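First the structure, in the form of structure tokens, and then the observations on it.
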Amino acid sequence: MDEIVAEYIRRTVLRIPRSEIGKMLTTWGFLSENQLQSINLHQTKENVSQEVTQLCEENGATIQHAANLDIIYNYTYRDKKNWTVYKMTREGVDENVIFDLVDFKNNFKTSLRLLLKNVTITFKKYEDNSVWIRVAWGTQFKKPNKYKPTYVVYHSQTPYVFISHSIFRTCRAMLFQALLTATSYSEINEMDLRSRCLDSLKDIVFKWCNQNVQTFNPRPLLERNSALEEMDPRIIQEDKNKKEAIWRINEEDFGNDPQPKLQYAKYRLETVFKSKPELGILNNKEPFRCLVTFSSPHLLETLKSLAPAGLATAPSSRLFTCIVPDAKNSFKITEEKSGFPHGPPEQ
């Protein structure tokens with residue numbers, strides 16, 4: 001076994017939490033049952049990693065085997081990466097193109113290797129119809145860097161692709177070309193939707209794609225009143241009615257279901273201050289620009305909780321409630337297009 005492959009496997013095992021090593025190696029399927037049982041998981045992780053590496057050397061592990069273990073690790077801990085959503089479109093082709101995994105793999109590899117010789121490509125399909133692609137990039141004169149790969153997640157029969165942020169601009173163009181060739185789409189564009197929580201990104205775009213509009217299904221009156229009384233049993237009827245109205249409006253804005261997990265929302269404002277010409281001030285026609293970022297470990301749940309907590313008025317601003325239906329958390333607000341603050345933000 002190549003020393004580089006051995007070292008990569010060793011480092012991958014060291015990243016896995018001790019309680020998950022046995023389960024993840026079993027999922028990997030490269031080691032036999034007897035080999036798995038021979039590993040002493042109660043020793044130091046360094047010794048465990050060396051044992052696993054020795055067994056892999058006995059089995060003749062290749063870089064593809066090591067890359068497969070790396071995909072399993074990143075699939076399990078997919079929220080450790082930053083993900084960006086891209087949407088593909090096609091023209092003049094039937095939208096109901098039948099997806100064939102073998103053709104997809106062959107077309108992707110052929111297209112990418114025509115553009116770059118030194119590249120390592122690994123695929124793994126999961127039960128949710130997602131295809132995970134791991135691409136380790138090299139150059140025309142250097143071997144692929146196995147420690148800085150790009151991860152791509154594509155769901156068959158959908159136009160959406162989720163790509164980890166770790167990708168150079170020159171490599172991005174080659175990756176896009178390979179994706180378009182493999183999927184028979186003609187164009188790919190970034191959606192201005194990013195998060196560390198891959199599952200939440202999927203939830204947002206797939207509901208939006210299928211036009212599953214979130215309907216308002218208010219909780220029973222007695223349930224909401226009971227919640228209010230638990231907060232303060234001395235509350236008077238007038239305040240209870242006021243809080244009841246806030247609950248209703250807030251649920252109309254955000255719905256009853258748990259919110260998708262996003263870490264931030266960015267708003268780029270571009271506006272021009274106007275004054276009378278005779279005053280001789282602010283006559284610069286260049287626009288004023290500013291960037292406002294709202295961040296939280298769980299931004300949408302935080303925004304949803306503001307009005308009931310008395311920290312914001314209801315209804316919530318359209319700037320916040322449009323994040324999920326518009327499938328965006330990065331906006332550019334301009335004076336003419338959006339009519340800010342009355343209209344929705346425009347890209």
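No lab work stands behind these numbers, since they all come straight from the coordinates. If you're wondering where the values come from, they're calculated on a predicted model, not measured in any experiment. Reconstructed Cβ throughout: ideal geometry from the backbone, glycine too, with neighbour counts over all protein chains shown.
Backbone N atoms of the stretch 107-143 closer than 11 Å to the 7 Å Cα→Cβ label point of residue 168 belong to residues 137-143.
Multiplying each eigenvalue of the alpha-carbon gyration tensor of the stretch 82-209 by 5 and taking the square root yields semi-axes of 23, 18, 13 Å, largest first, rounded to whole angstroms.
Taking a ≥ b ≥ c as the square roots of the Cα gyration tensor eigenvalues, the stretch 3-76 comes out rounded, since a/c falls below 1.5. Length available on full extension from residue 295 to residue 80: 0.36 nm per residue minus the Cα-Cα distance, which gives 75.7 nm.
Under the simplified labelling scheme, the residue 58-residue 117 pair shows an inter-label distance of 3.8 nm, with each label point 7 Å from Cα along Cα→Cβ.
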